[in-house]
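A short write-up of the structure that comes next.
The values are calculated or read from the model by the stated rules, or taken from the named source; none is laboratory data. From a predicted model like this one, the values you see are computed outputs, not experimental measurements. Counting neighbours? That spans all protein chains shown, and the Cβs are built from the backbone with ideal geometry, glycine included.
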Amino acid sequence: MRPMAEKWIRLLGPPAIESPGTPLPQPRGRKAWALLAYLALQPDGTGRSRTASLLFPDAADPLGALRWNLSELRRALDGASVTGDPLRLDLLPPWRCDVLEAMDPGAKAGNPRRFTGQLLEGLSFADSPVFDEWVAEQRYRLDNVVQQLLYEAALAALASDAPREAAELASLALERDPFHADCNAVLVKALVAAGDYRKAREHAVRCGNLYRQELGLPLPPEVRRALFDAAPEPDPGTPATAATVRSYLDAGGASLWAGAVDRGLEQLRLAAALAQRTGNSHLVAESLVTLSGALIHQAGGRGAEVADLLHRALQAEGHDGASRTAAAAYRELGYLSVQRGVPDRAAGWLEKAMEAAVGFPDEQARILAIQGMLASDTARYGEAVAALTESGELAKELGNRRQQAFSASLLGRVHLLRGELGLAAIWLDRALAWIAEEHWTAFEPFTAGVRGETYLAAGQLEEAAAFIDRSWVMAELAGDHCYMALAAGAEARLFARHGDLAAAEHWIDRGLEPKPWYLWYSARLLDTAAEVTIATRSPRAAGFVERLSELASRSGMREFVVRGQSHRALLGDRSAAEAVPWLAKDIDNPALAAYLEQRHPA
């Protein structure tokens, strides 16, 4: 019996329903396509009344218009299900949908080359302004996801010794964003790996010229490293055995613990090089994961070099069963995706990490903490509290004080964002005590900064200043761009509370300089910048608002999407004013609700 031909719902690019060699009926009217896209991107379903008011705000009978468009979808999607209240789109074979496959965090996306074009390309919805805002947000989000899929596929090809394919995929990613430093680095690495040094140098020169002419910036350091840096070579007389590899791993760990980061990284790189000579694939994977973890957490590495190491580690580990090494590699890839603002991909990596971490409670505690961070960033605060609480309980059972401090600090941040200041203070004070016990000064700027903001929210300005100033000094001394942005934003909010808006703007500019890897910090700083410059009637306000709105939409930061629309509404955008209550409705945050009520009284 021949399998049924696939039927594709294409929502990226000009929308269409396709099947090889067979013409299929198409939904009539742009609102039918709008409804189809909306349902496809609402995996938990959506209420009929809410959907009708969204898509048909001016119709005499919005529910009647919805029913007609539903009948159009059922006519075109023979065999698919579009039913219920809440409405759900259920697709069974042979039906497939490009948007669903691109956004599914738990599925292998296959060939990312097939994801082309914007969501509902060529269609506009000015007569449904709130839906038009939703489409714009989703276009940013999907573009970000597809960019990341191409980047990840290029890294996977590079790790599989397919440099030509890696170069092609990286080039496709750069067509979408020529300023993506990591994709530029992967393209250079792929060309070097393919032996095409001339093209690698030419691309690095073009990249440097582009950055200098368009952004006034030098060649990104990750591109330079991809072109020039070579891995250290062990002494030819050093025996390539498991014992020597583990000796270098132990020495590297000891150096890092003592604060000798450069020396520790050199020792871990030598361990990885020796492991390659042993032919022991598990030892190779373990060495690469250890090195990448050190680069991320001790040296601030977040770019293509680290991601390449992790993909190579997974290629070496080579199985889908429970494995501490695989779990750590997946977790770090998830952590990178969280910080780089690609939540859909982060969720997929973290799911894989948890599957691989069966029987390893220490890894489970780490993974749960990153899942909690992801949930918090995307304004799913209940999920964040559950994950971070479970992470802390596991860490307590294991006696892992640093993990307890990490999870408690993030839990304190969640309670701060929700306006639950008493709970925030309890968790942050516990975390600070554990940080002191562990002498973990590298992480203290985060927890101190959030504790200072908790005092600030409670109106205790003197106590707030002490913690916020300490956070800034420690972050600046460490050169940690993420914590510098966090602390500068806190300083700006502190001075704004004192009424010194000029000083607040000064701190905003200082915070924007470091370009943090963790984009949530950038969004929070831009949110503060919008508030301050709107208050001062500065001409910079509109620019800050647009930057915040684009970043939040691309990165799935739902609360910052709402806050961006709120800022736009204050600047006179009527469509944004209509979108604010609709977008905020699904976010369970009393502090956000109170903030919006004060800004936009009914």
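When Tyr455, Tyr483 are screened for being within 15 Å of Arg524 (Cα to Cα) and touching a Phe, Trp or Tyr at 6+ places or on another chain (Cβ under 7 Å), only Tyr483 passes. Only residues that are more than 12 Å from Ala369 (Cα to Cα), in contact (Cβ under 8 Å) with a residue 40 or more places away in the chain and touching a Leu at 6+ places or on another chain (Cβ under 6 Å) were counted in segment 380-424, giving 1. Taking the listed residues Gly303, Gly321, Gly359, the one that is under 30 Å from Arg558 (Cβ atoms) and of a type in the set (Gly, Ala, Ser) is Gly303, with no other qualifying. Among the candidates Ala478, Ala552, the residue that is closer than 30 Å to Pro343 by Cα and at pLDDT below 95 is uniquely Ala478. Which one is farthest from Asp177 (Cα to Cα) among residues in segment 127-140 that are out of contact with any helix residue (DSSP H, G or I) (no Cβ under 6 Å at 6 or more places or on another chain) and not β-branched (Val, Ile, Thr)? Per the criteria, the residue is Asp127. The residue list Arg497, Arg510 contains one member that is closer than 19 Å to Arg563 by Cβ and surrounded by fewer than 22 Cβ atoms within 10 Å (Cβ to Cβ), which is Arg497. Within segment 168-182, the set of residues being over 20 Å from Gln118 (Cα atoms) and buried (at least 24 other Cβ atoms within 10 Å of the Cβ) comprises Asp182 only. For Glu72, indicate whether it is under 21 Å from Leu149 (Cβ atoms) and touching a residue at least 40 places away in the same chain (Cβ under 8 Å). Judged against the criteria, Glu72 is not a match.
The residues on offer are Gly64, Gly13, Gly21, Gly84, and the sole one that is within 30 Å of Arg113 (Cβ to Cβ), of a type in the set (Gly, Ala, Ser) and free of Cβ contacts under 8 Å to residues at least 40 places away in the same chain is Gly21. In segment 27-59, the residue that is farthest from Leu11 (Cα to Cα) out of those that are of a type outside the set (A, V, I, L, M, F, W, C) and in a helix (DSSP H, G or I) is Ser49.
Reported count of residues in segment 582-602, each being in a helix (DSSP H, G or I) and among the polar types (S, T, N, Q), is 1. Within the option set Ala379, Ala431, Ala424, Ala384, being aliphatic (A, V, I, L, M), in a helix (DSSP H, G or I) and within 21 Å of the chain's Cα centre (by Cα) holds for one residue only, Ala384.
Considering only residues in segment 19-44 that are exposed (fewer than 14 other Cβ atoms within 10 Å of the Cβ) and closer than 20 Å to Gly84 by Cβ, the one that is farthest from the chain's Cα centre (by Cα) turns out to be Asp44. Looking for something of a type outside the set (A, V, I, L, M, F, W, C) and crowded, with 21+ Cβ neighbours inside 10 Å - is there at least one such residue anywhere in segment 274-283? Checked segment 274-283: no residue is of a type outside the set (A, V, I, L, M, F, W, C) and crowded, with 21+ Cβ neighbours inside 10 Å. Residues that are closer than 30 Å to Leu119 by Cβ and touching a Cys at 6+ places or on another chain (Cβ under 9 Å): does segment 156-167 have at least one? So far as segment 156-167 goes, no, none of its residues is closer than 30 Å to Leu119 by Cβ and touching a Cys at 6+ places or on another chain (Cβ under 9 Å). The residue of segment 324-344 that is farthest from Ala552 (Cα to Cα), among those that are basic (Lys, Arg) and surrounded by fewer than 24 Cβ atoms within 10 Å (Cβ to Cβ), is Arg324. If you check Glu531, Glu491, Glu505 for being surrounded by 15 or more Cβ atoms within 10 Å (Cβ to Cβ), within 21 Å of Ala442 (Cα to Cα), modelled with pLDDT of 95 or more and among the acidic types (Asp, Glu), only one passes: Glu491. Exactly one residue out of Ala542, Ala552 is over 22 Å from Phe446 (Cβ atoms), in a helix (DSSP H, G or I) and hydrophobic (A, V, I, L, M, F, W, C), and it is Ala542. Here Ala157 meets each of (1) surrounded by fewer than 20 Cβ atoms within 10 Å (Cβ to Cβ); (2) in contact with a Pro (Cβ under 8 Å, 6 or more places away or on another chain) with one exception, condition (1). Only one entry in Val289, Val245, Val261 is free of Cβ contacts under 8 Å to residues at least 60 places away in the same chain, surrounded by fewer than 21 Cβ atoms within 10 Å (Cβ to Cβ) and not small (Gly, Ala, Ser), namely Val261.
So which of Ser555, Ser575 ends up being touching a Pro at 6+ places or on another chain (Cβ under 6 Å) and in contact (Cβ under 8 Å) with a residue 60 or more places away in the chain?
Answer to the check: Ser575.
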